[in-house]
Amino acid sequence: MTLLDRIVEAKREELAAQMAAVGLEAVKNRARAGATARSLKAAVSAPGLSIIAEFKRRSPSLGGIDENADAAAVARRYEAAGADGISVLTERAHFGGGPRDLIKVKEATGLPVLRKDFIFDAYQVFEAKALGADAVLLIARILEGEALAGMLDACFEASVEAFVEVHDERELERALEAGADLIGVNNRDLATLEVDLSVVERLRPLVPEGVRLVSESGCRSRGDVERLSDIGVDAVLIGGALMEASNTEDKFAELFGRE
C-alpha cells in the first residue's frame with residue numbers, strides 16, 4: 001500500500017465520522033450561506049505567469065517546515081508579495097493542517113483560496129465551500145471511472161471551482177473528458193514522491209486552448225520559474241520554497257523578479 005493509499009484510507013474513516021455527526025443536508029445549507037466565491041481560474045488567466053502560494057506546516061517529502069505557523073500572517077505576506085491565489089493544506093496527519101487554517105486565510109486576504117486535501121466525496125466539496133474555499137483540489141489518481149465527473153458536478157452544484165490534478169497522459173485525458181478547465185500537473189509522483197519538471201513539459205502540448213494549466217511541485221529557483229514560463233504554463237503553485245524562506249518578499253523577488 002502506497003502512502004497515498006494510506007492517506008485516502010484514513011481520510012475515509014475520518015469522513016465517515018464527520019458525516020455521522022453532521023449530515024450532508026446540514027453541510028449543504030452552510031455552503032449555500034457562504035460568501036460568493038472568488039475565481040481562481042480568473043486569477044491565473046491574467047497575462048504572464050501567475051503565482052499560487054501554498055500554506056502548509058509539513059509534508060511527507062519535506063518533513064516539518066513550520067509547525068507553528070500563523071496561517072493568517074503567512075497569507076497576508078503572500079498577498080503583499082504578489083501572490084495571485086493561495087493554496088491551503090487542510091489534511092492533518094501528514095501536512096499538519098486543518099479547516100481552521102482555511103478559514104483564517106480566507107478572512108485575512110482578498111485572494112481566491114484553494115482547499116488542498118484528499119477529496120473524493122461530494123460532502124467534502126460542500127464542506128470546503130462552507131469553510132470559505134473558492135476552489136477544491138480533485139486528484140485524478142484517486143477518482144477512478146465516473147467518480148471524477150461526479151465530483152466536477154458536485155463542484156458546480158456547490159459553486160466552487162474544481163482544480164483537477166494529474167500526473168500523466170491518461171489522467172490528463174480523463175480530466176479533459178470530464179470537463180475540467182483548471183488543471184494542475186503535479187510534477188511529484190504521489191506513489192514515489194519523486195519530482196521531475198519534465199512531467200509538465202511533456203503534458204503541456206496536450207492541454208487545449210481555454211484550459212488553464214498550473215505546474216505543481218518542484219519549482220524552487222529562478223531557473224525553474226523561467227523553465228516553466230518558457231513552456232507556457234499559466235501559473236506555478238509553490239509551497240515548500242516559500243514556507244521555508246526567512247523573508248517572503250525577498251523569496252518572491254528571487255523567484256519571480258518582483259521587487
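Here, each number is a calculation from the coordinates, and none is a lab measurement. None of these values were measured; they are calculated from a predicted model. Here the Cβ positions follow ideal geometry from the backbone for every residue, glycine too, while neighbour counts run over all protein chains shown.
Details
- Separation of alpha-carbon centers, the stretch 235-259 and the stretch 175-213, rounded to whole Å: 22
- Within the chain, DSSP assigns beta bridges of which about 10% are antiparallel (rounded to the nearest 5).
- Our helix-only sum for the chain, with -39,500 (n - 2.57) per DSSP H run of n ≥ 4 divided by its residues, gives a mean residue ellipticity at 222 nm of -12500 deg cm²/dmol.
- Fraction of antiparallel bridges per DSSP, the stretch 162-259 only, in percent to nearest 5: 10
- Simple Cβ-charge dipole of the chain, Lys/Arg +1 and Asp/Glu -1, about Cα centre, in debye nearest 20: 720
- Full extension of the chain segment joining D153 with E254 gains 32.4 nm, where the gain is 0.36 nm per residue of separation less the Cα-Cα distance.
- Length released on extending from R100 to E169, taking residue separation times 0.36 nm less the Cα-Cα span: 21.3 nm
- Take each peptide in 83-96, 60-73, 233-246, count the other Cβ atoms within 10 Å of every residue, and average; sorted highest first, the result is 83-96, 233-246, 60-73.
- On the basis of the beta-carbon distance and an R0 of 30 Å, D196 and A26 show a calculated FRET efficiency of 0.10.
- Cα lying deepest toward the dipole's positive end in the chain, options G48, V125, L4, charges on Cβ: V125
- The stretch 189-259 shape via C-alpha gyration tensor axes, a/c threshold 1.5: oblate
- Alpha carbon convex hull of the stretch 3-256, projected area averaged over orientations, nm²: 12.2
- FRET efficiency estimate (nearest 0.05) - Cβ-Cβ, R92 to A46, R0 25 angstrom: 0.15
- Neighbour counting of Cβ atoms within 10 Å sorts the residues M1, M151, M19, fewest neighbours leading, into M1, M19, M151.
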